[in-house]
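**Student:** Can you read through this structure? Questions will come right after.
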Amino acid sequence: MSKSQKSEARAVFQEVIYPESNSKAMAETDIHRECMSDLIKTLSDFYRHDPTVYVSGYVFMYYQEDDARQHIVPDVFVVKGVEKKLRRYYQIWKEGKAPDVVIEVTSDSTRWEDTETKRKLYQQLGVKEYYLYDPTGDYLEDRLLGYRLVGSRYVSVRLWKGENRLHSDVLGLDLVLESGRLRLYDAQSQRFLLTPSEAIEAQRQAEEARRQAEEENARLQAELERMQKQLQTTARARRRLRGRK
């Protein structure tokens, strides 16, 4: 029996279940959780108008068909050339490709897995760029480091002395350490991408500025109407005076 026939035979007798979670505790610190959430939401907003870019993180990624044990959970990942939609999990063989970029927010409990196990697997799967970020500066010699796929192997990319950024060719963005915090910088617009909280604050300020502008316009309009009425009153008074002479 050929390999494809065996696969078909297995499918007849047993459907493989791909869980969306497992019984293992996957707790993170507030710092790590907020960092992952900010990166996912910031990148999602950056690509919000592109229907062929999928941004996600902290979901099961299955990389071998018919074997639910072969999975990994990237913190943050971006896939170009696939449909933007909500997914329960990501199956590489169904989507037709692995992620283009993965960012792992490393901690004491994940350091070995991030620097060794995941790095080797992402290299094997063909992830073009892999970045590791240590938000507390306790676990990596460099708080931000990266790997780029050259051929079939990763080449390490590290911060130059005195530098605080790595450029992502895939994203077209710089990953920047700003006071130890990982930010995303768009060189084309020459600005940092806003995090969710920054976007909310920017919207609040814009709405406040608009409210103040509307109030100022209303005040000026009222002042203009008052002056027009005063001019009209003055003009009538002058006409009455001229009529008496």
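Values in this text are rule-based calculations from the coordinates and carry no lab data. Computed from a predicted model, the values in this text were never measured in an experiment. Because the Cβ atoms are built from the backbone with ideal geometry, glycine has one as well, and the counts that use them run over all protein chains shown.
**Student:** Could you list Thr117, Thr195 in order of exposure, starting from the residue whose Cβ has the fewest other Cβ atoms within 10 Å?
**Tutor:** Numbers: Thr117 12, Thr195 20.
Ordered by Cβ neighbours within 10 Å, fewest first: Thr117, Thr195.
**Student:** Moving on. Given charges of +1 on the Cβ of Lys and Arg and -1 on the Cβ of Asp and Glu, with all other atoms neutral, how large is the dipole of the chain about its Cα centre, in debye to the nearest 20?
**Tutor:** Numbers: 42 positive and 40 negative charges, 464 e Å.
I would put it at about 2220 debye.
**Student:** Helix 30-46 versus the longest principal axis of the chain: what angle, 0 to 90°, nearest 10, using Cα atoms?
**Tutor:** With both axes taken from Cα atoms, the answer is about 70 degrees.
**Student:** Using the Cα centre of the chain as origin and beta-carbon charges of +1 (Lys, Arg) and -1 (Asp, Glu), tell me which of Val155, Leu145, Phe77 is placed farthest towards the positive end of the dipole.
**Tutor:** Most positive-ward Cα: Phe77.
**Student:** Next up: How high is the relative contact order of the stretch 14-193, given as a whole-number percent (alpha carbon pairs under 8 Å, six or more residues apart)?
**Tutor:** Details: 305 pairs, mean separation 24.3, N = 180.
So the answer I get is 14 percent.
**Student:** Let me ask another. Using a 10 angstrom cutoff on alpha carbons, build the Gaussian network for the chain and name the most mobile of Lys161, Lys41, Lys80.
**Tutor:** In this elastic network of the chain, the residue with the biggest mean-square fluctuation among Lys161, Lys41, Lys80 is Lys161.
**Student:** I'd like to know how the chain sits against the 2.2 N^0.38 Å rule of thumb: what's its Cα Rg over that expected value? Walk me through the numbers on the way to the answer.
**Tutor:** Numbers: Rg = 28.9 Å, N = 245, 2.2 N^0.38 = 17.8 Å.
For the chain, the normalised Cα radius of gyration comes out at 1.62.
**Student:** Among 228-236, 181-189, what's the highest-first ranking by average C-beta atoms within 10 angstrom per residue?
**Tutor:** Descending mean neighbour count gives 181-189, 228-236.
**Student:** How big is the stretch 194-245 by the Kirkwood estimate over distinct Cα pairs, in Å?
**Tutor:** Values: mean 1/r = 0.0695 Å⁻¹.
Hydrodynamic radius (Kirkwood, Cα pairs) of the stretch 194-245 is 14.4 Å.
**Student:** Most mobile of Arg111, Arg191, Arg158 per a Gaussian network model of the chain (Cα springs, under 10 Å)?
**Tutor:** Arg191
**Student:** Please state the relative contact order of the stretch 159-206 as a whole percent: Cα pairs under 8 Å, 6+ residues apart?
**Tutor:** Details: 44 pairs, mean separation 9.2, N = 48.
Worked out over the stretch 159-206, it gives 19 percent.
**Student:** Grab the DSSP H runs of the chain that are 4 residues or longer, score each as -39,500 (n - 2.57), total them, divide by all residues and round the 222 nm result to the nearest 500 deg cm²/dmol. Please report the intermediate quantities before stating the final value.
**Tutor:** On the way: 5 runs with 89 residues, N = 245.
One gets -12500 deg cm²/dmol as the mean residue ellipticity at 222 nm.
**Student:** To the nearest µm²/s, what D does Stokes-Einstein give for the stretch 45-134 at 20 °C and 1.002 mPa s, using the Kirkwood radius over alpha carbon pairs as Rh?
**Tutor:** Values: Rh = 13.5 Å.
Answer, rounded: 159 µm²/s.
**Student:** Within 10 Å, count the other beta carbons around each residue, average over each peptide in 136-143, 120-127, and list them highest first. Mind dumping the intermediate values first?
**Tutor:** On the way: 136-143: 14.1, 120-127: 16.6.
Top to bottom by mean Cβ count within 10 Å: 120-127, 136-143.
**Student:** Rounded to a whole number, what is D in µm²/s for the stretch 150-229 from Stokes-Einstein with the Kirkwood radius over alpha-carbon pairs (25 °C, 0.890 mPa s)?
**Tutor:** Translational D for this selection: 145 µm²/s.
**Student:** Taking 20 Å as the cut-off for C-alpha to C-alpha distance, list the pairs among Lys97/Lys120; Lys80/Lys161; Lys41/Lys80 that go past it.
**Tutor:** Values: Lys97/Lys120 17 Å; Lys80/Lys161 32 Å; Lys41/Lys80 16 Å.
Cα-Cα > 20 Å for Lys80/Lys161; rest within.
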